[in-house]
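Reviewing the structure listed below.
Read-outs: derived from the displayed coordinates by stated rules, not from any lab. Computed from a predicted structure; not experimentally measured. All Cβ positions, even for glycine, are placed from backbone atoms using ideal geometry, and neighbour counts span all protein chains on display.
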Amino acid sequence: MATTSVSAEGWPLLLRTGTLFGELNDDQFFELCQSHRNLRLERTSDGEVIVMPPTGGDTASFEFQVAGVLAKWAGADGTGLGFGPSAGFTLPNRAVRSPDVAWVLRTRWDALSPEQRAKFPPLCPDFVVEVRSRTDSFRGLQEKMEEYLENGARLGWLIDPLEKKVYVYEPGRQALCLDDPESLPGDPVLPGFKLDVRRLWP
């Protein structure tokens, strides 16, 4: 029968459904998510279903502000589309991830069929942001950022409002830790984009 395990910190909740149901294919996982829209679900490359907890108010507000700044820039720039945490992406390794904030180059998005766009688009965003909340495992977030890079992301920010630190991820480089940075430039992936992160700390 299916087994369920909970991480040492209580979250995320991992559902190992393979023994009971067999591994869910992309369409079955999409339907599972649609049937439980009150849950935020992800899937690992091994087929495990992850139930993510709701974030606290500080984290949710921070994510909203970051997305708002990106949305304003993306609207003026026009070369890509921005996404919030409700969007799921099917990565090349078959994991389905929902970054807190993401951006995809428009030419890559336009290459997808309408059916692909309507479900969990089969691509890794060019730019991803994960915001650490009190329930998040820091190591788990680091692994997720590394997974984004391995699957095609060109820039990633792991923002930790709890410690006022930002970890910058780029392909072929070791993650760079910034201690209470004043701002974060998006160049060259996001030309001209800058996040005044210090103004956003809770």
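Over the range 57-200, what is the mean sequence separation of C-alpha contacts under 8 Å (at least six apart), divided by residue count, expressed as relative contact order in percent?
Answer for the range 57-200 is 17 percent.
Would you calculate, for the chain, the mean residue ellipticity at 222 nm contributed by helices, counting each DSSP H stretch of 4 or more residues as -39,500 (n - 2.57) and dividing by all residues, to the nearest 500?
-8500 deg cm²/dmol
Over the chain, what portion of Cα pair distances is larger than 21 Å, expressed as a whole percent?
Everything past 21 Å amounts to 53 percent.
Fully extended, how many nm does the chain gain between Gln34 and Lys164 (0.36 nm per residue separation, minus their Cα-Cα distance)?
43.3 nm
With a cap of 11 neighbouring Cβ atoms within 10 Å, and only residues DSSP puts in a loop, list the chymotrypsin sites (Phe, Trp or Tyr not before Pro) found in the range 98-131.
none
Rounded to the nearest 0.05, what FRET efficiency is calculated for Glu23 and Asp196 with R0 set to 35 Å and r the Cβ-Cβ distance?
0.20
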